[in-house]
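> I am attaching a structure below and will ask some questions about it afterwards.
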Amino acid sequence: MEIDILELSDRSAKFILSGTTAAFANGVRRAMLADVPTLAIDDVNIYNNTSVLYDEQLALRLGLIPLTSSLEDFVPQDKCTCEGSGCPACTVSLTLSAEAGEEEQVIVHSGDIVSSDPNVQPADKNIPIIDLRTGQKVVLEAIAHMGYGNKHAKWQAGVACGYKNMPVITFEGCDRCGICVNACPRNIIQLGEETAEISKDDLLKCSLCRLCQDSCDIDAISVGVDERSFIFTMESDGSYTAQQLILNAVNTIKGKASEMQNILSTL
Amino acid sequence: MIPVRCFTCGKVIAGSWEEYTRRVKDGEDPAAVLDDLNFTRYCCRRMFLAHVNLVDIMAPYQ
Amino acid sequence: MELKILEKSEDEMKLEIAGESHTLLNMLKIILLEDERVHTASYDMKHVTISEPILFIKTENADPIAVVKDAVATLITECDEFISVFNKAVQ
């Protein structure tokens, strides 16, 4: 197995994973989207809401705000010793109170949420939650749980995680007519000394549309894929850094496998 | 209110809404602003382009 | 996770893996198929949200449970390899 990191920032990553099966790549992708637990607001106690948003809408907006989570500090609620009733090991309490008073307009942002745990904070501070006008008021307590993305999108840590196979494009018997250069929608084919060619960096941009292959009158181009090599792109919603999320996803798979191993040895 | 996340991919988009509206109001091209804010996918871009802030109409009422 | 053996003979087994999804099952299936002792390996999930996946395996001269055990062990080593390779690539 080999990994070549192309881009890695706080919230997104792009890397080439090679020497493994599509099943493994797909497992990592699915785990990032649905199996890595994160914190999200699940229960909201509303003490006062005179804004124009219904309580339910307000609760949904709060739920979708990503909270910075840590796999070490919290356990998913279904695995917690409290058996889902809620305890400090699986829940965090946050409060939000805002009032427009005499002012004409006050926009409440996610940064105004006060968390009881300094490590659990809204990942983005400038998400508008509600628009209060003169005299309107919101007071609430929100309880965040650790949950899984397969239950609700608010617990989904990975965004737009996907992979494609590594393209393998060969030019054989090319007469440098240049038709394929114009046919390529991504403009990555260039005329070289002897044949048309694609530079190594540009090859990653190929969408495998095969328009170049179809455009060639003498069938000199063949477009194929490397079935054991994948170009992975992923983004994180902010609850984990991109790097943590990838590792958490693989650790979750490993956790599932170890659990199964333990059960199998007792059978 | 602008939805917190993109309906399709789940990216958190609401955080850029105020900057987007301010810059578009100042006369910038929406496409250029979205490019600048790093919204590359068309699912996220339509969230901004197609959004009508109904809360402005509703807000005086309770 | 809960495992339930639905049917088992000398070379065949139907194993219900409650609480799991395509994530784990598909990986296991592919690893099993690469094993020489395995004749057939497949899984079925009748419905994505309401049913539990069932792993079916047919082996040649081997105990199906032992074969699945080896596949799970292979998966764990693959994960470990990913983590070490990824950490090295990040540095």
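> Quick check on this structure: which one of A:ILE246, A:ILE221, A:ILE253 is on the phi < 0 side of the Ramachandran plot and away from every other protein chain (no Cβ under 14 Å)?
Numbers: A:ILE246 fails: away from every other protein chain (no Cβ under 14 Å); A:ILE253 fails: away from every other protein chain (no Cβ under 14 Å).
Only one candidate qualifies: A:ILE221.
> Which condition from (1) in contact (Cβ under 8 Å) with a residue 24 or more places away in the chain; (2) within 15 Å of A:ASP124 (Cβ to Cβ) is the one that B:THR8 breaks?
So B:THR8 meets the others, but not (2).
> While we're on this one: Hey, could you check region B:11-62 for residues that are away from chain A (no Cβ under 13 Å) and of a type in the set (Val, Ile, Thr) and say which is nearest to A:LYS137 (Cα to Cα)?
B:VAL52
> Still on this structure: Inside region C:20-53, can you point out the residues that are facing chain A (nearest Cβ under 10 Å) and modelled with pLDDT under 90?
C:VAL48, C:THR49
> Name every residue in region C:25-41 that is closer than 20 Å to A:VAL28 by Cα and without any contact (Cβ under 8 Å) to a residue 40 or more places away in the chain, in order of residue number. Steps first, answer last, please.
So in region C:25-41, the residues closer than 20 Å to A:VAL28 by Cα come out as C:25-34.
Matches in region C:25-41: C:LEU25, C:ASN26, C:LYS29, C:ILE30, C:LEU32, C:LEU33, C:GLU34.
> Give region C:66-79 a look and list any residue that's surrounded by fewer than 18 Cβ atoms within 10 Å (Cβ to Cβ), out of contact with any helix residue (DSSP H, G or I) (no Cβ under 6 Å at 6 or more places or on another chain) and either in contact (Cβ under 8 Å) with a residue 12 or more places away in the chain or within 7 Å of chain A (Cβ to nearest Cβ) (or both), or say none.
Hits for region C:66-79 are C:ASP70, C:ALA73.
> Can you find even one residue in region B:41-51 that is assigned to a loop (DSSP other than H, G, I, E, B), surrounded by fewer than 14 Cβ atoms within 10 Å (Cβ to Cβ) and under 11 Å from the mean Cα position of the chain (by Cα)?
Taking every residue of region B:41-51 in turn, at least one turns out to be assigned to a loop (DSSP other than H, G, I, E, B), surrounded by fewer than 14 Cβ atoms within 10 Å (Cβ to Cβ) and under 11 Å from the mean Cα position of the chain (by Cα).
> Now a separate question. Please specify each residue of region A:45-74 satisfying the condition of being within 21 Å of B:VAL12 (Cα to Cα) and in a strand (DSSP E or B).
Result: A:LEU67, single match.
> Are any residues in region A:181-202 within 27 Å of A:ASP4 (Cβ to Cβ) and either surrounded by 15 or more Cβ atoms within 10 Å (Cβ to Cβ) or polar (S, T, N, Q) (or both), and if so, which ones?
Passing the criteria: A:CYS184, A:ASN187, A:ILE188, A:ILE189, A:GLN190, A:THR195, A:ALA196, A:GLU197, A:ILE198, A:SER199, A:ASP202.
> Condition first: within 14 Å of chain B (Cβ to nearest Cβ) and in a strand (DSSP E or B). Now tell me which residues in region A:143-181 satisfy that.
A:GLY158, A:VAL159, A:ALA160, A:CYS161, A:GLY162
> Could I ask something else about it? Would you say A:CYS161 is crowded, with 18+ Cβ neighbours inside 10 Å and in contact with a Lys or Arg (Cβ under 9 Å, 6 or more places away or on another chain)?
yes
> Of all residues being in contact (Cβ under 8 Å) with a residue 24 or more places away in the chain and assigned to a helix (DSSP H, G or I) in region A:27-44, which is surrounded by the fewest Cβ atoms within 10 Å (Cβ to Cβ)? Just the residue, please. Show your work before the answer.
In the first step, residues of region A:27-44 are kept if they are in contact (Cβ under 8 Å) with a residue 24 or more places away in the chain; the result is A:27-29, A:31-44.
Still in the running and assigned to a helix (DSSP H, G or I): A:27-29, A:31-35.
Details: A:GLY27: 29, A:VAL28: 28, A:ARG29: 19, A:ALA31: 29, A:MET32: 28, A:LEU33: 22, A:ALA34: 22, A:ASP35: 24.
This residue is A:ARG29.
> A further question follows. Go through the residues of region A:75-97 one by one and say whether even a single one is within 23 Å of the chain's Cα centre (by Cα), more than 9 Å from chain B (Cβ to nearest Cβ), among the small types (Gly, Ala, Ser) and assigned to a loop (DSSP other than H, G, I, E, B).
No, region A:75-97 contains no residue that is within 23 Å of the chain's Cα centre (by Cα), more than 9 Å from chain B (Cβ to nearest Cβ), among the small types (Gly, Ala, Ser) and assigned to a loop (DSSP other than H, G, I, E, B).
> Sort out which residues of region A:182-206 are in a loop (DSSP other than H, G, I, E, B) and free of Cβ contacts under 8 Å to residues at least 40 places away in the same chain, and write them in order of number.
Residues satisfying the conditions are A:CYS184, A:PRO185, A:ARG186, A:ASN187, A:ILE188, A:GLY192, A:GLU193, A:GLU194, A:THR195, A:SER199, A:LYS205, A:CYS206.
> So, in region B:1-40, how many residues would count as being in a helix (DSSP H, G or I) and under 27 Å from A:HIS152 (Cα atoms)?
Qualifying residue count, region B:1-40: 5.
The values are calculated or read from the model by the stated rules, or taken from the named source; none is laboratory data. Model, not experiment: these values are computed from the prediction. Backbone-built Cβ (ideal geometry, glycine too); neighbour counts: all protein chains shown.
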